[in-house]
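What follows is calculated from the coordinates using simple rules that are stated; it is not laboratory data. Every value quoted in this text rests on a predicted model; they were computed, and no experiment measured them. Glycine gets a Cβ as well: all are built from the backbone with ideal geometry, and neighbour counts include every protein chain shown.
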Amino acid sequence: MADLTQPHFTNEDAARAYLEASRWPNGPYCPHCGEADGDKLTRVDSAKGSKTRPGVIQCNTCRKQFTVTVGTVFERSHIPLHKWLLATHLMCSSKKGISAHQLHRMLGITYKSAWFMAHRIREAMAPAKGETPIGGEGKTVEADETFIGNSDNKPPKRPGAGGYGHKRAVLSLVERGGKVRSFKLDGSPNSYEIKCIIDDQVQSTSRLVTDGAQYYKGARVAKHQSVDHNKAYVVDGDVHTNTLEGYFSLFKRGMIGTYQHCGEQHLQRYLHEFDFRLNNRIKYGVDDVERTVRALKGSAGKRLTYRRTDGTQNA
């Protein structure tokens, strides 16, 4: 973990400079019109006698002003930017996550603000739209589902039967030696939804390895092999879902031990968070500092309003 006393974690101006260097490595550009010519971008706050807030840049092409936070999850926040950077670093470097209560205590902000802040950072961790499907010729993709809401891994009983009524189903896909992608399922697992996700997220030339569930039969892949977990958790050569079993173990320890409570409307963001840390880990040469920088870059082009997190508007 980086030294938490570094200037960009304690000073607003240093934090702004750090974010600008992370988001604009080749210099600033206008988020309104895309202008990137330095001669047409003027720092208004540096003008003599300027009363403009720090960090404001004037675009002489579209005549609009902006700062480095415009067009990101940090836009219009009243929380100091250095606290945003510290919160992002803490979430990126905590293997099983960090609770909103802990952020509230460490940052000296209200719990409500810390909770909303954490969800906005998870939004920054979400993959960009239109990412290339995982897998490919000669590559193996594991697929498996799990359930969140109780200590076991049994699917929910029929409505009204009791016992597992608050469970939510999750499907994860992982390319061995590559990325993991996780999705909240609508209700109990079903063949149609699972096959749609696989068809969209896995290259058709891939080899798919799953457990013996019927959901995966007929998936659009080059080859499909399965291991029957109803008989025993055995490995038949390299036919196994052990990679995902390890991921689910970490995910559940974080959800149960750190976060404890998760509304269904928020589950996908938590999946983005755990996917992000796994996809940007030491094994791939990504340390805590670089992981934070990648999250900061991922904040661009994303917005998350409080209305979308409190359930009154779809996320």
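The value of relative contact order for the chain, using C-alpha pairs under 8 Å at least six residues apart, is 20 percent. Please label the shape of region 170-254 as rounded, prolate or oblate, based on the square roots a ≥ b ≥ c of the eigenvalues of the alpha-carbon gyration tensor (a/c under 1.5 means rounded; beyond that, a/b larger than b/c means prolate, else oblate). Rounded shape, in that the Cα axes give a/c under 1.5. Once the chain from Lys217 to Thr61 is taken as fully extended at 0.36 nm per residue, the excess over their C-alpha distance is 50.6 nm. Comparing Cα centroids, region 242-291 and region 69-132 end up 15 angstrom apart. Placing unit charges on each Cβ (+1 for Lys and Arg, -1 for Asp and Glu) gives the chain a dipole about its Cα centre, and among Leu85, Phe116, Ser206 the Cα reaching farthest toward its positive end belongs to Phe116. Length gained on full extension, Thr132 to Lys40: 29.6 nm, using 0.36 nm per residue less the C-alpha separation. Ranking Thr61, Leu296, Tyr247 by Cα position along the charge dipole of the chain, where only Lys, Arg, Asp and Glu carry charges on their C-beta atoms, puts Thr61 farthest toward the positive end. With the cut-off at 1.5 for a/c, could you classify region 1-146 from its C-alpha gyration tensor as rounded, prolate or oblate? In terms of gyration-tensor shape, oblate. The modelled label-to-label distance between Arg303 and His261, using points 7 Å beyond Cα along the C-beta direction, is 3.0 nm. Computed from backbone phi with θ = phi - 60° and the Karplus coefficients 6.51, -1.76 and 1.60, the 3J(HN,Hα) list for region 275-291 is 4, 4, 5, 5, 6, 10, 10, 4, 3, 9, x, 10, 8, 4, 5, 5, 4 Hz; x is used for glycine and proline. Among the cysteines of the chain, those whose beta-carbon sits 4.7 Å or more from every other cysteine beta-carbon are Cys92, Cys196, Cys262. The share of Cα pairs per 20 Å bin across the chain, counted from zero up to the longest distance, runs 29, 52, 18, 1 percent. When you count the other C-beta atoms within 10 angstrom of each residue and take the mean per peptide, 290-303, 5-18 line up highest first as 290-303, 5-18.
In this label model, Leu250 and Ser188 are separated by 3.1 nm, measuring between points 7 Å along each Cα→Cβ vector. Rank Gly178, Asn26, Thr140 by how far each Cα sits towards the positive end of the charge dipole of the chain (+1 on Lys, Arg Cβ; -1 on Asp, Glu Cβ) and give me just the farthest. Most positive-ward Cα: Asn26. Each peptide among 113-119, 97-103 gets the average number of other Cβ atoms lying within 10 Å of its residues, and from highest to lowest they stand as 113-119, 97-103. Taking the Cα centre of the chain as origin, work out the dipole magnitude from +1 charges on Lys and Arg Cβ and -1 charges on Asp and Glu Cβ, in debye rounded to 20. Approximately 820 debye in magnitude. Here is the list for region 34-116: trypsin sites (Lys or Arg not before Pro) lying in DSSP coil, each with at most 11 other C-beta atoms within 10 angstrom of its C-beta, are Lys48, Lys51, Arg63, Arg76. A simple spin-label model places the labels of Thr5 and Lys95 2.7 nm from each other, with each point 7 Å out along Cα-to-Cβ. As a calculated quantity, the FRET efficiency between Ser204 and Thr52 at R0 = 45 Å, using C-beta atoms, amounts to about 0.25.
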